[in-house]
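I am attaching a structure below and will ask some questions about it afterwards.
No value in this document is a laboratory result; all are computed from the given coordinates. On a predicted model such as this, the values are computed, not experimentally measured, just so you know. Here Cβ is always computed from backbone atoms with ideal geometry, including for glycine, and neighbour counts include all displayed protein chains.
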There are 2 protein chains.
Amino acid sequence: MFSEACIQKKAISRQDCANKETNQNSTFVNKTEPAIGTFHNDEHNITKSSALLSRTPNLRDSDQVTMRRTLRHYFLDTFNTYESLFDCLASENAFYIKPISLRHPLIFYYGHTATFFINKLLLARLINERVDQRMESIFAVGVDEMSWDDLNEANYDWPSVHDVKAYRDKVRTLVLDLIDHAPLHMPIDWENPWWAIIMGIEHERIHLETSSVLIRQHDLSMVKSSPNWQPNNYSGVAPENQLIHVAAGKVRLAKDKTSPFYGWDNEYGVHDAEITAFEASKFLVSNQEFLEFVEAKGYQTAEYWTEEGQGWLQFTNAEHPTFWRKAPDGWYLRLMTEEVCMPWDWPVEVNYHEAKAFCNWKKQQTGHAVRLPTEDEWYRLYDIASIRDVGAAPAQANIHLDHGASSCPVNQFAQGEFYDVVGNVWQWTETPIYPFEGFEVHPIYDDFSTPTFDERHNLIKGGSWISTGNESLHSARYAFRRHFFQHAGFRYVISGEINSVPASHYETDKLMSEYAEFHYGDEYFGVPNFSKALVELAVATLTKHQLDGLPKHTALDLGCASGRATFELARYFDQVTGVDFSARFIGQAVQLAKGETLRYTLIDEGELVSYKSRSLAGLKLEDTKHKVGFFQGDACNLKPVLTGYDFILAANLIDRLYDPAKFLSSIHERLNVGGVLMLASPYTWLSEHTPRKDWIGGFKKDGETFTTSDGLQALLSKHFCLIQEPQEIPFVIRETKRKFQHTLSEVTFWQRTA
Amino acid sequence: MFSEACIQKKAISRQDCANKETNQNSTFVNKTEPAIGTFHNDEHNITKSSALLSRTPNLRDSDQVTMRRTLRHYFLDTFNTYESLFDCLASENAFYIKPISLRHPLIFYYGHTATFFINKLLLARLINERVDQRMESIFAVGVDEMSWDDLNEANYDWPSVHDVKAYRDKVRTLVLDLIDHAPLHMPIDWENPWWAIIMGIEHERIHLETSSVLIRQHDLSMVKSSPNWQPNNYSGVAPENQLIHVAAGKVRLAKDKTSPFYGWDNEYGVHDAEITAFEASKFLVSNQEFLEFVEAKGYQTAEYWTEEGQGWLQFTNAEHPTFWRKAPDGWYLRLMTEEVCMPWDWPVEVNYHEAKAFCNWKKQQTGHAVRLPTEDEWYRLYDIASIRDVGAAPAQANIHLDHGASSCPVNQFAQGEFYDVVGNVWQWTETPIYPFEGFEVHPIYDDFSTPTFDERHNLIKGGSWISTGNESLHSARYAFRRHFFQHAGFRYVISGEINSVPASHYETDKLMSEYAEFHYGDEYFGVPNFSKALVELAVATLTKHQLDGLPKHTALDLGCASGRATFELARYFDQVTGVDFSARFIGQAVQLAKGETLRYTLIDEGELVSYKSRSLAGLKLEDTKHKVGFFQGDACNLKPVLTGYDFILAANLIDRLYDPAKFLSSIHERLNVGGVLMLASPYTWLSEHTPRKDWIGGFKKDGETFTTSDGLQALLSKHFCLIQEPQEIPFVIRETKRKFQHTLSEVTFWQRTA
């Protein structure tokens, strides 16, 4: 069907498609106003207007009546614009044929944004029942490419377009009724049930963009031109790119819950960064500029590609950007509903891997440290370009559908010294998305961001021509898998090495998460934090026995697990070493010691989880982080260097050792004479950890009861004396929201005497 | 070595061994005083005396000085008499050759009673260190026949007799020093550390008897006559046995901790029994009387033997009592150090199986319901014979070594109308040993009785000629495996069926024990009993919602487990049915409902356990036992008869069902309209109990959080309305002394509306 390519193309410029030599002096031609506008509010009687698509509203600076009016407008504008997008489909059939194999067909996305409203309104308790059980079951869950193997077509028996439209109408009526009549207490903030309404609208704005990408990926036979979705007709000669120096500076992001604009969970919190000076390309990389890479056999040269990029390349056999098509008469570009002769001055649209490969090629060509910007560097550009969020006037950027339904030349919108810091196409960054300090999930949408905190979703910044509402804001943070296509391209920078990306993923391993919570999390049943209680008891005991004059230079925390006691000991000791057999546990401690945030999910019930995060700062332990060191090691076979300690703690360790007697018989060698060994254990002997023959107590010996306490005395008395009577310290490990282990650990203090 | 039998025999009477026809009129011959007496207190300078062996002392009715003197005497008398028993061994070799393959050689028993003192004194903290680590390791643990596979000779490197004697001397000195100088607070009772001293002495008295049996089982070449251990020379014609009528009556046993005499744990508590009238044999069964059974091919006739007895018979190929030997010239009887012509008027010595087979043969011969007496029937005989415990004067019974080192004729000691209710040989009963109500283990000897509470150890009563100290008392309760030999015979009775034996064994299965404690045991962390709290909440809720006027005829406790809530509901409902999938759990409830005591061990630490027991009476639930019924059943597939209930409780059930939706969708059918369903669950969904696809909540449904609470609403709303907001009730399950599960169960009440 592509046999006569130019049948399907529109003349976008006077240039011949075959003529890739562009005239540097050509100017915009056929300059027309963009075809996009808003639909007036009259609910079902849609009339096109040239007014701008409504902006995401200020949710604080308004009285209740005005707010209802604003939201009515914002909702209808969104709902109607979204529906109009589907006018670009050529037939009913086009709703049911999948544009790409790993996503649902568009009929799903047509229904999905309506169902999303219902689901969130139910969770917010703004409504109590469903509109249509069947529709809402079908349209609830989208498909993330990550979970492609879940997509079983056999499960879907899609309803007709007519029925889905009727369903959408019911939802429209319901939402409008809520906006008009539901009780409203201003302001609308994160905790306000009305947040769910804005969430529904902003969610639909996102799908406005992603559905436009799917339409663009549909076979040309499946789409048709729509008067509401006309591309930009500007094109000319691509400008030669230049590098512009950017001075060092600071970036601060600190959206908090008093912000008047809706935000997704990942935008909140505080982030400060120091940016060293760098150079950045004045323009986004144009099709013209990218062509050099294609022609330099960039797609055939593995060395330019990351390992992950090579994998993608082998899988797809790509030879050029996905929306490019090479015909005998030259290059064409696929837009949403048509194919056009290549507009060489428009930004190239690629995935991260292609952008990265280009940079690596450029680096080799130039000898400069070319790469993509980080998110922080993008914010630095934003700051120096003195950009502001879109307002009532048309944006000074190809964004928010203010200037047509396509890209435009990379040299159309100047922003300070740069062009397109915001708008035109999204810009890939080197930064995998991560949560800021203070991040919390929103209770009615806990899987918006968290599944992307996996170091495999990179941030895209700046928005595209169809990025509207929240998407267009400075604070917006969207991320996609690196091989994913959006209306996204890139700008390159020359700069130094990138600091390692902050850990972003949530620990979901049950044991790891339980220990993170056990060491750093909440208290349950009023039982104080165990590690903290142990260290406080240690200090009190040393004082009580007038041993507080002993040196407190070094302490060893054996079996430190996630490390809390190590940090707590560092409040009192100059240098504390944490040792655990498990490198995974130590990983948590190391992460905290680096100043990073430990994130983990806790099982609430079945598969439902809570999201938690902790940092040393929040625990007032930040001052200890330079006094601790963590090492993987075996308590029964310690490295020789671990010696000369003034204090050794072994908490919940001895009944998990494979040879506790070996440990206890030699531990004095690691402690200075006069130093103190603190043991804490519930004496839960289990053959899975300690062979029965190696238990040190908890059995009948020579016919009589022989407790672990007896065993400790027998093993330690040669080198230690027991300072005081054993006592029990409780601890609680949370397994689910309602199920806990509640244990008593017997604590003994032993002073080394010989 | 038995080729010339009579070389080894002594003339015990003028009768010819070959002449088994006895003269009914023959009288005792060669009547001499017995050779047994005590050894005077002079520690190492033992002089034989004709004084009686000291009796177990009154531990209350004495001042401290007198008590010390009494104990010194009692200890030395015991220690010395025990040592003198080993004079019966013919050589050092005889200490090391095992008399029977499944027990240790006698050297062990020589050392063991001394080591036992040390172990118990250590536990009682009367001493702080061992006398001899090596000896005490070797001599600590005896061998119960039950654990014969633990007996690995390779582990033993026995010390010399000389060394053991030296060790015994050290222990003697130590104990005497304690008796003379350790602080003593009167009275010496169960809690008093000095109890350990009496325990050691009484323990040695037991071994005095059991070692005498081992000596009797030794090869004749291994033993020698000792002046201190001369058998009785009385013998004559065996009397014809007669049956004597015993009127119905009551037996009460109620030894409590204020008793002035030492007792083993199993003697304490309260036991009341109503004894129906029966007939009992006047005499113990004599060798003469038993010969009829032997000659009637009793050992060759399987039908007389119990199944267990047949097993023993096949294993041993026994054809007559173990101490009998048939020689060409007639029958001989093995005594401790010699073999004698059969004294036909002495009591036959057999194990339980032989005694039982004799009774069954006799039953067949006579058509009467012949059997062994129960323990209660033995006490009834004791009562009507007006017997009293041995005092300062020689016993009116062949007991306590007062009348020689062997049995004597069955018609020598009349006690009321009967002979030998007490003394001569122990008498097997039909009763497996069990603990009385109120039984507790003694903390320093927790495995004296408990391992025998297994329905495989039958009580022997009355004592033998060598039963001294506690063994000789009315309250004594000793039990042995039914195939075991002691100086034991029997008396038979004609009586009705025996009531089923009270359950005596301790549940040791971890899960079963944990549930017994969870339902009936102690409270931990101040969390009230869960079942009780649920039922109290149910009553309060019905009242609060003015539903307390609803009928309270019948209630159903689904997933009742060990049944506590069933009993608690029966405080308020006329009839309560408990149903559980597990017959083992229900077994606990049924046992309690029968008025029996539930006994179980709880893990303290490793293999160490605590012993617990609970009965309805102790929980003030005795009145409910006639209102409950327990059935095994599947909550997802209930029997049709289980319907028409006014109230249904399902506590901690739904997340353990394989199909909770099936259960919830049909449970209304079992409830009267207006009736109330109470659910309690921590919603701990685990695929091991409920396949993931059958969870009713605890997952994302259509992309949104769907809690179990949502699932309950969805499944129940057709037939029920939720009475009030869910609330959480905590429960604690003890796993070890220091490790607990602490869980919150969400409780909802649902009234059936349709």
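Sort A:HIS487, A:HIS271 so that the residue with the fewest other Cβ atoms within 10 Å of its own Cβ comes first and the one with the most comes last.
Working: A:HIS487 24, A:HIS271 19.
Result, fewest neighbours first: A:HIS271, A:HIS487.
Also, quick follow-up: Taking R0 as 51 Å, what's the FRET efficiency between A:PHE525 and A:GLU308 from their Cβ-Cβ distance, rounded to 0.05? If you can, show how the numbers build up before the last one.
Values: r = 46 Å, r/R0 = 0.91.
Given R0 = 51 Å and the Cβ-Cβ separation, E is 0.65.
While we're here: Determine the relative contact order of chain A: mean sequence separation of Cα pairs under 8 Å and six or more apart, normalised by residue count, in whole percent. Please report the intermediate quantities before stating the final value.
Values: 1507 pairs, mean separation 84.3, N = 754.
Reported as a whole number, the value is 11 percent.
Name the chain B residue with the Cβ nearest the axis that maps B onto A: which is it, and what is the distance in angstrom?
Here the value is B:HIS742, 2.
Using the alpha-carbon atoms, what tilt in degrees (0 to 90, nearest 10) does helix A:583-593 show relative to the longest principal axis of chain A?
Here the helix axis deviates by roughly 70 degrees.
Something else now. Using just the helices of chain B, give the 222 nm mean residue ellipticity in deg cm²/dmol: DSSP H runs with n ≥ 4 each add -39,500 (n - 2.57), and the total is spread over all residues, rounded to 500.
Values: 17 runs with 201 residues, N = 754.
The per-residue figure over chain B is -8000 deg cm²/dmol.
Also: Assign unit charges at the C-beta atoms only (+1 for Lys and Arg, -1 for Asp and Glu), then state the dipole size of region B:536-578 relative to its Cα centre in Debye, rounded to the nearest 20. Can you show the working numbers first?
Values: 4 positive and 5 negative charges, 8 e Å.
Dipole size: approximately 40 debye.
Give me the dipole magnitude in Debye, nearest 20, for chain A about the Cα centre, with unit charges on the beta carbon: positive for Lys and Arg, negative for Asp and Glu.
Here the size comes out at about 600 debye.
Could you pull the Cα extents of region B:236-494 along its three principal axes, largest to smallest, in whole Å?
57, 41, 38
Under 18 Å Cα to Cα from B:LYS362, which lysines show up? Leave out anything in the same chain fewer than 8 places away.
The reachable lysines, counting only those whose Cα sits under 18 Å from B:LYS362, are B:LYS282, B:LYS297.
Classify region B:179-253 as rounded, prolate or oblate from the Cα gyration tensor: take a ≥ b ≥ c as the square roots of its eigenvalues, call it rounded if a/c is under 1.5, otherwise prolate when a/b beats b/c and oblate if not. Present the calculation step by step, with values, prior to reporting the outcome.
Values: a/c = 3.18, a/b = 1.26, b/c = 2.53.
It comes out oblate by the Cα gyration axes.
Please work out whether the protein assembly as shown counts as rounded, prolate or oblate from its C-alpha gyration tensor, where a ≥ b ≥ c are the square roots of the eigenvalues and a/c under 1.5 means rounded, while otherwise a/b larger than b/c means prolate and anything else oblate?
Details: a/c = 3.33, a/b = 2.39, b/c = 1.39.
Since a/c reaches 1.5 and a/b is larger than b/c, the shape of the protein assembly as shown is classed as prolate.
Determine the alpha carbon to alpha carbon distance for each of A:LYS737/B:LYS612; A:LYS532/A:LYS594; A:LYS120/A:LYS461; A:LYS552/A:LYS620; A:LYS170/A:LYS257; A:LYS165/A:LYS257 and list only those over 25 Å. Could you put the intermediate results ahead of the total?
Values: A:LYS737/B:LYS612 32 Å; A:LYS532/A:LYS594 20 Å; A:LYS120/A:LYS461 27 Å; A:LYS552/A:LYS620 21 Å; A:LYS170/A:LYS257 32 Å; A:LYS165/A:LYS257 36 Å.
Pairs exceeding the cut-off: A:LYS737/B:LYS612; A:LYS120/A:LYS461; A:LYS170/A:LYS257; A:LYS165/A:LYS257.
Among A:MET135, A:ALA533, A:TYR506, whose Cα projects farthest towards the positive end of the dipole of chain A, with charges put on the beta-carbon of Lys, Arg (+1) and Asp, Glu (-1)?
Selected residue: A:ALA533.
With a/c under 1.5 counting as rounded, go ahead and sort region A:315-409 into rounded, prolate or oblate using the C-alpha gyration tensor (a ≥ b ≥ c being the square roots of the eigenvalues; past the cut-off, prolate if a/b is larger than b/c, else oblate).
The shape class here is oblate.
Run through the other copies and list how far each one's label point is from that of B:GLN713, in nm with one decimal, shortest first; the point sits 7 Å from Cα along Cα-Cβ.
Spelled out, the distances from B:GLN713's label point are 5.9 nm.
Right, next: Where nothing but the Cβ of Lys and Arg (+1) and of Asp and Glu (-1) is charged, how large is the charge dipole of the protein assembly as shown around its Cα centre, in debye to the nearest 20?
Details: 146 positive and 200 negative charges, 100 e Å.
It comes to approximately 480 debye.
What list of whole percents do you get for P(r) of chain B, with Cα-Cα distances grouped in 20 Å bins up to the one holding the largest distance?
In order of increasing distance, the bins hold 15, 40, 28, 15, 2, 0 percent.
Considering only DSSP states other than H, G, I, E and B, which GluC sites (Glu not before Pro) in region B:447-547 qualify as loop sites with at most 13 other Cβ atoms within 10 Å? Let's see the in-between values first.
Numbers: sites: B:GLU455, B:GLU471, B:GLU497, B:GLU507, B:GLU514, B:GLU517, B:GLU523, B:GLU536; in loops: B:GLU455, B:GLU497, B:GLU523.
Taking region B:447-547 and a limit of 13 other Cβ atoms within 10 Å, the loop GluC sites (Glu not before Pro) found are B:GLU497, B:GLU523.
Right, another one. B:ARG692 label points, 7 Å along Cα→Cβ, one per copy: pairwise distances from this copy to the rest in nm, shortest first?
Those separations, rounded to one decimal, come out as 3.6 nm.
Ok, one more. Amide H to amide H, which residues 5 or more places from B:PHE631 or on other chains are under 5 Å from it, using H placed in the peptide plane?
B:GLY578, B:VAL579, B:ASP580
What ³J(HN,Hα) values, in whole Hz, does the Karplus curve 6.51 cos²θ - 1.76 cosθ + 1.60 give for region B:270-285 when θ = phi - 60°, with x put for Gly and Pro?
So the J values, rounded to whole Hz, are 10, 9, 10, 9, 9, 9, 6, 4, 8, 10, 9, 5, 4, 10, 4, 5.
Within region A:603-678, which trypsin sites (Lys or Arg not before Pro) sit in a loop by DSSP and count at most 14 neighbouring Cβ atoms inside 10 Å? Spell out each step's value before the answer.
On the way: sites: A:LYS612, A:ARG614, A:LYS620, A:LYS625, A:LYS627, A:ARG656, A:LYS662, A:ARG670; in loops: A:LYS620.
Here the sparse-neighbourhood loop sites are A:LYS620.
Among B:GLN364, B:PHE315, B:GLY559, whose Cα projects farthest towards the positive end of the dipole of the protein assembly as shown, with charges put on the beta-carbon of Lys, Arg (+1) and Asp, Glu (-1)?
Among B:GLN364, B:PHE315, B:GLY559, the one farthest towards the positive end of the dipole of the protein assembly as shown is B:GLY559.
For A:ALA540, place a label point 7 Å from Cα along the Cα-to-Cβ direction in every copy; what are the distances to the other copies, in nm, shortest first?
3.3
Applying the Karplus parametrisation 6.51 cos²θ - 1.76 cosθ + 1.60 with θ = phi - 60° to the phi angles of region A:485-498, what ³J(HN,Hα) value in whole Hz is obtained for each residue in order, glycine and proline being reported as x?
Working through the residues one at a time gives 9, 10, 6, 9, x, 6, 10, 10, 10, 10, 7, x, 4, 8 Hz.
Work from the charge dipole of chain B (Cβ charges, +1 for Lys and Arg, -1 for Asp and Glu, about the Cα centre) and give the residue of B:VAL576, B:HIS403, B:PRO682 farthest towards its positive end.
B:VAL576
Chymotrypsin sites (Phe, Trp or Tyr not before Pro), restricted to region B:415-476: which are DSSP loop and have at most 16 other Cβ atoms within 10 Å?
On the way: sites: B:PHE418, B:TYR419, B:TRP426, B:TRP428, B:PHE436, B:PHE439, B:TYR445, B:PHE448, B:PHE453, B:TRP465; in loops: B:PHE436, B:PHE439, B:PHE448, B:PHE453, B:TRP465.
Of the chymotrypsin sites (Phe, Trp or Tyr not before Pro), the ones in loops of region B:415-476 whose Cβ has at most 16 other Cβ atoms within 10 Å are B:PHE448.
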